[in-house]
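Novice: The following block contains the structure, expressed as structure tokens.
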Amino acid sequence: MAKFAFFLAAVTLLLGLQVTSGNPAIATGYDPMGICIENCAQCKKMLGPWFEGQLCADTCIKFKGKLIPDCEDLGSISPFLNKL
């Protein structure tokens, strides 16, 4: 009976390890401000003179990376667009 209990515990442990997935954001030290500023730079590259990259980066610093821009989401980048 003890061998069966050990076997069952070992199998449960191994199956549990296979199902568990690691979060790369935690493993790599997720830095929202760094990601925010990188996204500002990417949007500036994509949109050129229509995008106010400096204003975007300043906003990242002001809000500590809580408002991360997504270049493909007009709502998140609209404050940084200009009409030229």
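Novice: Would you check which residues across segment 32-61 are under 14 Å from Ser78 (Cα atoms) and basic (Lys, Arg) and list them?
Specialist: Lys44
Novice: Identify all residues within segment 63-84 that are in a helix (DSSP H, G or I) and surrounded by fewer than 10 Cβ atoms within 10 Å (Cβ to Cβ); write none if there are none.
Specialist: Kept after step one, since they are in a helix (DSSP H, G or I), are these residues of segment 63-84: 74-80.
Correct list: Leu74, Gly75, Ser78.
Novice: Follow-up question, since we're still on this one. Among the numbered criteria (1) modelled with pLDDT of 95 or more; (2) part of a helix (DSSP H, G or I); (3) touching a Cys at 6+ places or on another chain (Cβ under 9 Å), which single criterion is violated by Met33?
Specialist: So Met33 meets the others, but not (1).
The values are calculated or read from the model by the stated rules, or taken from the named source; none is laboratory data. Source: prediction; values computed, not measured. Glycine gets a Cβ as well: all are built from the backbone with ideal geometry, and neighbour counts include every protein chain shown.
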